[in-house]
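In what follows, a structure is listed as structure tokens, so that the remarks can point back to it.
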Amino acid sequence: MTSAGPASINIKLKVWRQSDAKAKGAFHEYPVTGVDPNSSFLEMLDTLNDSLVHQNIEPIAFDHDCREGICGACSMVINGNPHGPETGSTTCQLHMRLFKDGDTIVVEPFRARPFPVIKDLVIDRSALDRIIMAGGYISADTGNAPDAHCIPVHKRDADIAFSAAACIGCGACVATCKNASAQLFLAAKVSQMAMLPQGRVERSERVRKMVATMEAEGFGSCSNTGACEVVCPKSISLAHIARLHRELLRALFL
Amino acid sequence: MSPTPAAPATPDRSHAAKQLQWLDDETLCLIPQSPGGRLEDKWDRHKFQLKLISPANKTKFSVIVVGTGLAGAAAAASLAELGYKVKSFCINDSARRAHSIAAQGGINAAKNYSNDRDSVFRLFFDTIKGGDFRAREANVYRLAQLSNDIIDHCVAQGVPFARDYGGFLDNRSFGGALVSRTFYAKGQTGQQLLLGAYGAMMRQVARGGIEYYPRREMLELVVADGMARGIITRNLLTGELESHAADVVVLATGGYSNVFFLSTNAMASNATAVWRAHKKGAFFANPCFTQIHPTCIPVHGEHQSKLTLMSESLRNDGRVWVPKTAGDKRTPREIPESERDYYLERIYPTFGNLVPRDVASRQAKRRVDEGRGVGPTGIAVYLDFADSVKRLGRKTIEERYGNLFEMYRKITAEDPYQEPMRIYPAVHYTMGGLWVDYNLMSTVPGLYVLGEANFSDHGANRLGASALMQGLADGYFIISATVEHHLASAALKPITVDHDAFREARAAASAKTLRLLNIGGSRTADEIHRELGQVMWEYCGMSRNAEGLGKALAAIPKLREAFWHDLHITGSGESLNGELEKAGRVADFLELSELMVLDALSREESCGSHFREEFQTGENEALRNDDRFCHVAAWEYREGLRARRHIEPLSFQYVPLMARSYK
Ligand SMILES: Cc1cc2nc3c(=O)[nH]c(=O)nc-3n(C[C@H](O)[C@H](O)[C@H](O)COP(=O)(O)OP(=O)(O)OC[C@H]3O[C@@H](n4cnc5c(N)ncnc54)[C@H](O)[C@@H]3O)c2cc1C
Ligand code: SF4
Ligand code: FES
């Protein structure tokens with residue numbers, strides 16, 4: 001708002017268009033003019049889509065909902081980076097002031113074997129739901145709970161659990177990984193539960209089942225490259241993967 | 001299709017007859033079915049009196065739950081835990097992405113962990129007063145009672161609430177309260193609570209207790225033999241219309257703030273499910289009660305798609321101010337302390353920056369109207385953390401609000417640790433919704449409504465951190481008890497999707513979709529929606545008057561006309577088609593908006609969020625009229641006719657009616 005940049009910029013978008021899961025997709029080019037640098041990346045796409053509708057061209061399909069970086073719906077690869085060039089940011093939190101007048105911006109869907117393309121930039125991430133189904137919870141039926149203060153939790157542990165629980169399930173970690181591994185996503189959930197006394201009861205079963213499901217869903221294995229941590233919009237730390245390994249070892253040998 | 005119980009009660013109307021009685025020739029009196037007895041004992045007694053179904057028999061009953069926000073996910077999980085066969089639906093690609101995920105600041109509970117003399121009664125009292133005496137005492141008391149169970153349950157689920165160095169749960173304060181009772185997980189409380197409920201839901205999906213239908217949009221409610229028995233959904237990927245039958249239907253589809261186009265709600269938040277249910281006989285209560293939240297990032301331009309909230313929790317440590325002189329164009333740091341007006345602290349010395357939302361919002365608007373607004377547009381006020389950073393250190397502020405400051409920085413490119421935030425009110429929450437009785441049942445027997453979709457507990461103004469509490473109380477603790485009673489007593493006949501009622505509803509949904517696709521006009525759904533939003537913000541927003549409301553009443557039918565004659569949609573009905581989805585929702589907003597205006601016009605008083613300029617005190621505070629309006633307005637849909645206004649009278653036995661003061 002106060003940044004003293006140009007009043008508006010013109011850019012060229014190269015966007016992946018694919019009419020359905022079976023179609024062969026291709027890049028299409030669209031010039032977008034008069035872009036307000038203070039608008040968000042998705043608002044820029046809205047404007048383009050509006051003009052496409054007026055030309056009777058189907059607008060570009062993309063997933064989005066909260067537009068505040070918390071729901072994990074938005075999922076685009078921008079100039080080769082899942083969620084674009086800014087670290088610690090989702091696609092919906094990018095603003096056009098990051099780009100320059102005359103830039104060409106390449107936009108693709110997250111690409112990974114377990115995430116088939118549905119249409120244009122929309123992908124199917126239901127495999128992540130199925131990993132959670134395998135054990136990403138504490139089996140506490142409603143009505144069972146003792147008073148919240150009956151088990152104090154060390155602040156350090158609670159903070160670590162929170163830092164893991166902040167994962168938004170976007171799948172950028174999978175999209176960037178050369179093995180299409182969901183290790184960071186899975187580790188975040190296992191780690192959150194392992195840090196809390198309430199989560200320790202089921203820790204062995206949880207980690208075993210979740211890892212097995214991840215493998216069955218066709219995600220690759222982790223080769224410790226660390227690309228996931230770099231693109232993760234919530235900066236989920238690789239330390240959680242280390243904890244996942246410990247949890248798995250513990251589950252196999254204890 | 002309207003459930004007007006004018007005729008002597010036929011069997012399927014027997015319930016409606018209990019809920020509805022004629023006051024005069026035109027107006028029905030809605031009876032909430034609140035149990036008798038002492039306030040403290042009502043819920044316990046009621047639970048005891050509700051009929052039970054044996055554990056083995058529960059598996060024979062099916063429940064449809066629409067929505068997977070806090071209310072819907074909690075309901076689906078808790079019902080499946082008990083053994084019911086649950087079907088769960090949401091628009092999003094995963095239940096975890098429901099709009100509740102975005103709630104920031106926290107959730108209230110009457111634990112009194114802060115030892116500041118909080119209690120169930122105080123939470124009840126604050127909520128009734130905060131709602132400006134337009135909520136039902138029995139419901140609100142139950143909510144306050146259940147608040148403590150929610151915290152216990154969420155901790156057991158592994159929700160990582162903030163803790164202090166002793167390992168105990170930390171609390172913060174929110175507007176409208178003088179105690180610290182808000183539990184939080186940084187600025188991501190909704191996310192953590194929702195992921196807890198989503199986990200519980202996924203556990204039941206794995207067990208087979210829940211059939212899970214993401215990327216589905218409910219288009220019609222199916223009412224057969226006077227009972228809600230199913231829904232018609234559109235598969236958003238294939239366009240297929242699907243029929244689902246069940247023994248009861250639970251709607252937890254969230255609020256309708258997106259009527260205003262720009263709001264803090266998620267892009268897909270909509271009124272379609274509740275509006276279609278309204279047209280099938282569910283009365284709509286207090287539609288004009290919309291909350292305008294005081295601390296949002298101001299509008300920046302015409303292409304803006306939504307507004308971003310800066311959590312109310314920031315008012316714990318941030319001070320709101322504007323320059324004393326109108327038109328002062330200096331940067332905030334150039335304006336010396338003596339030339340700043342910390343107007344909330346000045347006008348409301350007791351509550352200061354923590355007055356309720358409606359009060360804070362109106363005061364901000366007043367400053368802007370006086371020409372004392374700040375920033376490039378002049379439509380903003382400052383929220384300043386300089387004192388707190390000095391007093392508490394940057395690290396503490398970062399711990400409390402790190403992610404919110406970061407969000408602000410990303411959107412505005414300004415650093416709120418250095419410069420004050422600029423904020424302005426924005427539409428945020430709808431207190432109105434489908435009318436429900438104490439059992440959370442609407443005026444359509446067998447249709448239950450939970451969370452923000454119902455009208456229940458917040459009266460004319462919701463206090464911060466109370467929506468999460470209400471959604472979870474409804475979903476985890478209330479619905480299982482009341483649905484069980486209904487299933488045990490309603491003598492439901494078996495039904496399949498071949499029933500005529502399903503065929504008709506499916507045909508109606510299909511006809512509507514075709515009609516939308518075939519208009520062949522020239523305007524996009526967004527364009528018309530944006531225009532509707534401007535009309536609503538101008539005339540039915542932060543302050544209202546008869547003249548403006550009259551203008552809105554003239555403008556909305558014209559917009560509707562433009563929509564149905566000049567809409568343009570690309571693509572087909574047989575695949576993922578975002579334009580078609582938007583158009584369907586805008587069509588419903590174009591009808592609901594008119595009801596909101598009618599409601600605002602007919603409520604000739606000011607209360608909470610509903611500020612009618614004609615009715616104010618000498619100090620510009622809301623002036624209630626308890627003689628004429630101490631009631632809930634509940635609107636009945638009538639095809640081709642103007643909606644009819646009925647009432648649920650409210651009486652206050654435990655919190656005496658008083659003028660709300662935060663001075
Ligand atoms: C930015 C923001 C911050 C907030 N912060 C707080 C806070 O700190 N504390 C607090 O107490 N409250 C807060 N609130 C309010 C609170 O988040 C909401 O009131 C609450 O989460 C609503 O929950 P819900 O379960 O009723 O509905 P929602 O979470 O809105 O869920 C609605 C569900 O219904 C589904 N749905 C909708 N229509 C259909 C349809 N036709 N067919 C099928 N599915 C449908 C959606 O897909 C979704 O799953 C905040 C709100 C906002 C916008
Ligand atoms: S770990 Fe990070 S990148 Fe992976 S799903 Fe979670 S938030 Fe997204
Ligand atoms: S739209 Fe929700 S995270 Fe981007």
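Applying the selection to segment B:224-241, what residues are within 14 Å of residue B:499 (Cα to Cα) and in a strand (DSSP E or B)?
B:224, B:227, B:228, B:229, B:230, B:231, B:232
Could you grab the pairs with beta carbons closer than 9 Å, sequence gap of 6+ or different chains, first residue in segment A:222-244 and within 14 Å of another protein chain (Cβ to nearest Cβ) and among the aliphatic types (A, V, I, L, M), second one open to solvent by 40 Å² or more (accessible area, probe 1.4 Å) and away from ligand 1 (no atom under 16 Å from the Cβ)?
Qualifying pairs under 9 Å: A:236/A:163; A:236/A:229.
Might you check whether a residue that is within 24 Å of residue B:131 (Cα to Cα) and out of contact with any Asp or Glu (no Cβ under 8 Å at 6 or more places or on another chain) occurs anywhere in segment B:331-343?
Restricting attention to segment B:331-343, the residues satisfying the condition of being within 24 Å of residue B:131 (Cα to Cα) are B:343.
Now restrict to residues that are out of contact with any Asp or Glu (no Cβ under 8 Å at 6 or more places or on another chain): B:343.
Yes, segment B:331-343 contains a residue that is within 24 Å of residue B:131 (Cα to Cα) and out of contact with any Asp or Glu (no Cβ under 8 Å at 6 or more places or on another chain).
Filter segment B:267-284 down to the residues that are within 19 Å of residue B:431 (Cβ to Cβ), out of contact with any Gly (no Cβ under 6 Å at 6 or more places or on another chain) and within 7 Å of ligand 1 (Cβ to nearest atom), then identify the one that is farthest from the other protein chains (Cβ to nearest Cβ). Before you say what the answer is, go through the steps one by one.
The initial filter retains those residues of segment B:267-284 that are within 19 Å of residue B:431 (Cβ to Cβ), namely B:269-271, B:273-275, B:277-278, B:282-284.
From what's left, out of contact with any Gly (no Cβ under 6 Å at 6 or more places or on another chain): B:270-271, B:273-275, B:277-278, B:282-284.
With the extra rule that they be within 7 Å of ligand 1 (Cβ to nearest atom), the set shrinks to B:270, B:273.
Numbers: B:270: 11, B:273: 16 Å.
Among those residues, the one meeting the criterion is B:273.
State which residue pairs qualify: first residue on the phi < 0 side of the Ramachandran plot and inside segment B:250-264, second residue away from ligand 3 (no atom under 16 Å from the Cβ) and charged (D, E, K, R) in any location, beta carbons under 7 Å apart, and separation of 6 or more residues or different chains.
Hits for this filter: B:255/B:452.
When the residues of segment A:61-107 are filtered to those that are more than 16 Å from ligand 1 (Cβ to nearest atom) and at the interface with chain B (Cβ under 9 Å from one of its Cβ atoms), which remaining residue is surrounded by the fewest Cβ atoms within 10 Å (Cβ to Cβ)?
Looking at the filtered set, the residue picked out is A:88.
Which of the residues spanning segment B:254-266 are within 14 Å of chain A (Cβ to nearest Cβ) and either over 23 Å from residue A:70 (Cβ atoms) or within 11 Å of ligand 1 (Cβ to nearest atom) (or both)? Break it down stepwise before answering.
Keep residues of segment B:254-266 that are within 14 Å of chain A (Cβ to nearest Cβ), which gives B:254, B:257-258, B:261-266.
Selection gives B:254, B:257, B:258, B:263, B:264, B:265, B:266.
Assess whether residue A:191 counts as being outside any loop (DSSP other than H, G, I, E, B), more than 7 Å from chain B (Cβ to nearest Cβ) and crowded, with 22+ Cβ neighbours inside 10 Å. Working first, answer last.
Working: outside any loop (DSSP other than H, G, I, E, B): yes; more than 7 Å from chain B (Cβ to nearest Cβ): yes; crowded, with 22+ Cβ neighbours inside 10 Å: yes.
Judged against the criteria, residue A:191 is a match.
Taking the conditions exactly as written (more than 9 Å from chain B (Cβ to nearest Cβ), of a type outside the set (Lys, Arg) and crowded, with 23+ Cβ neighbours inside 10 Å), does residue A:186 satisfy them or not? Steps first, answer last, please.
Working: more than 9 Å from chain B (Cβ to nearest Cβ): yes; of a type outside the set (Lys, Arg): yes; crowded, with 23+ Cβ neighbours inside 10 Å: yes.
So residue A:186 fits the description; yes.
When only residues in segment B:105-141 that are open to solvent by 20 Å² or more (accessible area, probe 1.4 Å) and within 10 Å of another protein chain (Cβ to nearest Cβ) count, which is nearest to ligand 1 (Cβ to nearest atom)?
B:111
Consider segment A:81-133. How many of its residues are closer than 29 Å to residue A:209 by Cα and part of a helix (DSSP H, G or I)?
Counting residues in segment A:81-133 that are closer than 29 Å to residue A:209 by Cα and part of a helix (DSSP H, G or I) gives 8.
Is it true that residue A:145 is modelled with pLDDT of 95 or more and either touching a strand residue (DSSP E or B) at 6+ places or on another chain (Cβ under 7 Å) or buried (at least 20 other Cβ atoms within 10 Å of the Cβ) (or both)? Before you say what the answer is, go through the steps one by one.
Values: modelled with pLDDT of 95 or more: yes; either touching a strand residue (DSSP E or B) at 6+ places or on another chain (Cβ under 7 Å) or buried (at least 20 other Cβ atoms within 10 Å of the Cβ) (or both): no.
Against the criterion (modelled with pLDDT of 95 or more and either touching a strand residue (DSSP E or B) at 6+ places or on another chain (Cβ under 7 Å) or buried (at least 20 other Cβ atoms within 10 Å of the Cβ) (or both)), residue A:145 does not qualify.
Under 7 Å by Cβ, and 6 or more places apart or on different chains, what pairs join a residue from segment A:42-68 that is in the same structural domain as residue A:170 (by TED's automatic domain parsing) and within 30 Å of residue B:190 (Cβ to Cβ) with one that is among the basic types (Lys, Arg) and assigned to a loop (DSSP other than H, G, I, E, B)?
Sorted first by the residue in segment A:42-68, then by its partner, the list stays empty.
Which residues, counting only those in segment A:159-186, are within 22 Å of residue A:212 (Cβ to Cβ) and within 14 Å of ligand 3 (Cβ to nearest atom)?
Result: A:167, A:169, A:171.
Can you name the number of the only condition in (1) of a type in the set (A, V, I, L, M, F, W, C); (2) farther than 25 Å from residue B:60 by Cα; (3) away from chain A (no Cβ under 14 Å) that residue B:183 fails?
Residue B:183 satisfies all of (1) of a type in the set (A, V, I, L, M, F, W, C); (2) farther than 25 Å from residue B:60 by Cα; (3) away from chain A (no Cβ under 14 Å) except (3).
Quickly run through segment B:327-375 and pick out the residues that are out of contact with any strand residue (DSSP E or B) (no Cβ under 7 Å at 6 or more places or on another chain), more than 28 Å from residue B:105 (Cα to Cα) and in a loop (DSSP other than H, G, I, E, B).
Within segment B:327-375, B:327, B:328, B:329, B:330, B:331, B:336, B:370, B:371 qualify.
Tally time: how many residues in segment B:67-99 are within 16 Å of ligand 2 (Cβ to nearest atom), out of contact with any Ser or Thr (no Cβ under 7 Å at 6 or more places or on another chain) and assigned to a helix (DSSP H, G or I)?
Number satisfying all stated conditions: 2.
Among the residues of segment B:479-527, which ones are touching a strand residue (DSSP E or B) at 6+ places or on another chain (Cβ under 8 Å), more than 30 Å from residue A:43 (Cβ to Cβ) and within 14 Å of chain A (Cβ to nearest Cβ)?
B:479, B:483
If I ask for residues that are crowded, with 24+ Cβ neighbours inside 10 Å and on the phi > 0 side of the Ramachandran plot, which ones from segment B:265-295 would you list?
B:286
For residue B:591, indicate whether it is open to solvent by 30 Å² or more (accessible area, probe 1.4 Å) and away from every other protein chain (no Cβ under 13 Å). Quick ask: steps written out before the conclusion?
On the way: open to solvent by 30 Å² or more (accessible area, probe 1.4 Å): yes; away from every other protein chain (no Cβ under 13 Å): yes.
Answer is yes for this residue.
Out of all the residues in segment A:134-173, which are facing another protein chain (nearest Cβ under 7 Å), under 15 Å from the mean Cα position of the chain (by Cα) and either in a helix (DSSP H, G or I) or basic (Lys, Arg) (or both)?
The answer is A:165, and nothing else.
Sort out which residues of segment B:116-131 are part of a helix (DSSP H, G or I), out of contact with any His (no Cβ under 9 Å at 6 or more places or on another chain) and either more than 13 Å from residue B:182 (Cβ to Cβ) or of a type in the set (Val, Ile, Thr) (or both), and write them in order of number.
We begin by selecting, within segment B:116-131, every residue part of a helix (DSSP H, G or I); these are B:120-130.
This time we only want the ones that are out of contact with any His (no Cβ under 9 Å at 6 or more places or on another chain), so: B:120-126, B:128-129.
Within segment B:116-131, B:120, B:121, B:122, B:124, B:125, B:128, B:129 meet the criteria.
Could you identify the single residue in B:102, B:144 that is more than 16 Å from ligand 2 (Cβ to nearest atom) and either open to solvent by less than 10 Å² (accessible area, probe 1.4 Å) or at negative phi (or both)? Can you show your working first?
Numbers: B:102 fails: more than 16 Å from ligand 2 (Cβ to nearest atom).
Checking each option against the conditions leaves just B:144.
Among A:212, A:180, A:227, which is of a type in the set (A, V, I, L, M, F, W, C), farther than 24 Å from residue A:84 by Cβ and more than 10 Å from ligand 2 (Cβ to nearest atom)? Working first, answer last.
Details: A:180 fails: farther than 24 Å from residue A:84 by Cβ; A:227 fails: farther than 24 Å from residue A:84 by Cβ.
So the residue among A:212, A:180, A:227 that is of a type in the set (A, V, I, L, M, F, W, C), farther than 24 Å from residue A:84 by Cβ and more than 10 Å from ligand 2 (Cβ to nearest atom) is A:212.
Assuming residue A:170 fulfils every condition listed in (1) within 11 Å of ligand 2 (Cβ to nearest atom); (2) touching a helix residue (DSSP H, G or I) at 6+ places or on another chain (Cβ under 7 Å) apart from one, which condition is it?
It is condition (2) that residue A:170 fails.
Evaluate the following for residue B:402: is it within 14 Å of chain A (Cβ to nearest Cβ), open to solvent by less than 70 Å² (accessible area, probe 1.4 Å) and not aliphatic (A, V, I, L, M)?
Details: within 14 Å of chain A (Cβ to nearest Cβ): yes; open to solvent by less than 70 Å² (accessible area, probe 1.4 Å): yes; not aliphatic (A, V, I, L, M): yes.
Judged against the criteria, residue B:402 is a match.
Against the condition open to solvent by 40 Å² or more (accessible area, probe 1.4 Å) and within 16 Å of ligand 3 (Cβ to nearest atom), how does residue A:221 come out, does it pass? Lay out the reasoning, then the answer.
Numbers: open to solvent by 40 Å² or more (accessible area, probe 1.4 Å): yes; within 16 Å of ligand 3 (Cβ to nearest atom): no.
Considered against the rule, which asks whether it is open to solvent by 40 Å² or more (accessible area, probe 1.4 Å) and within 16 Å of ligand 3 (Cβ to nearest atom), residue A:221 comes out as no.
The values are calculated or read from the model by the stated rules, or taken from the named source; none is laboratory data. Keep in mind that this is a model prediction, so the values were computed, not measured. Note that each Cβ is placed from the backbone with ideal geometry, even for glycine, and that neighbours are counted across all protein chains shown. Surface areas here come from the heavy atoms of the whole protein model, side chains and all, with no ligands, DNA or RNA. Shrake-Rupley method; radii C 1.70, N 1.55, O 1.52, S 1.80 Å.
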